[in-house]
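Student: Please find one structure pasted underneath; my questions will follow.
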């Protein structure tokens with residue numbers, strides 16, 4: 001067995017983006033946590049083992065990683 005890191009870039013879900021945009025438009029910016037970003041990331045971690053590694057790299061895209069085991 002060999003272990004390695006797998007990466008992917010994902011865009012924040014539309015419902016989170018809408019909450020962020022509405023807050024900004026109303027003059028009351030919403031934090032990423034208030035918009036539901038951490039709940040979304042926790043679900044990605046629990047269901048598929050992904051964790052965030054770069055958050056501000058190319059907003060609204062996050063880079064996620066997970067450890068993978070593969071038979072040689």
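The values are calculated or read from the model by the stated rules, or taken from the named source; none is laboratory data. The model shown is predicted, which means the values in this text are computed figures rather than measured ones. All Cβ positions, glycine included, derive from the backbone under ideal geometry; neighbour counts span all protein chains shown.
Student: Return a yes/no flag: does segment 56-67 have any residue that is surrounded by 14 or more Cβ atoms within 10 Å (Cβ to Cβ), at pLDDT 95 or above and not in a strand (DSSP E or B).
Tutor: no
Student: Residue by residue through segment 16-36, note down the ones that are surrounded by 11 or more Cβ atoms within 10 Å (Cβ to Cβ) and either in a helix (DSSP H, G or I) or touching a residue at least 40 places away in the same chain (Cβ under 8 Å) (or both).
Tutor: Within segment 16-36, 16, 17, 18, 19, 20, 21, 22, 23, 24 qualify.
Student: Given (1) touching a residue at least 24 places away in the same chain (Cβ under 8 Å); (2) assigned to a helix (DSSP H, G or I), where does residue 8 come up short, assuming only one miss?
Tutor: The number of the failed condition is (2).
Student: Could you tell me how many of the residues in segment 11-50 are touching a strand residue (DSSP E or B) at 6+ places or on another chain (Cβ under 6 Å) and under 30 Å from residue 71 (Cα atoms)?
Tutor: So in segment 11-50, the residues touching a strand residue (DSSP E or B) at 6+ places or on another chain (Cβ under 6 Å) come out as 11, 41, 45, 49-50.
Add one more test, that the residue is under 30 Å from residue 71 (Cα atoms), and what stays is 41, 45, 49-50.
The qualifying residues number 4.
Student: Do we find that residue 39 is free of Cβ contacts under 8 Å to residues at least 24 places away in the same chain, outside any strand (DSSP E or B) and touching a helix residue (DSSP H, G or I) at 6+ places or on another chain (Cβ under 8 Å) in this structure?
Tutor: Against the criterion (free of Cβ contacts under 8 Å to residues at least 24 places away in the same chain, outside any strand (DSSP E or B) and touching a helix residue (DSSP H, G or I) at 6+ places or on another chain (Cβ under 8 Å)), residue 39 does not qualify.
Student: Go through segment 42-54 and give me each residue that's free of Cβ contacts under 8 Å to residues at least 12 places away in the same chain and surrounded by 10 or more Cβ atoms within 10 Å (Cβ to Cβ).
Tutor: Keep residues of segment 42-54 that are free of Cβ contacts under 8 Å to residues at least 12 places away in the same chain, which gives 42-43, 45-47, 54.
If the condition is that a residue be free of Cβ contacts under 8 Å to residues at least 12 places away in the same chain and surrounded by 10 or more Cβ atoms within 10 Å (Cβ to Cβ), then 42, 43, 45, 54 are the ones that fit.
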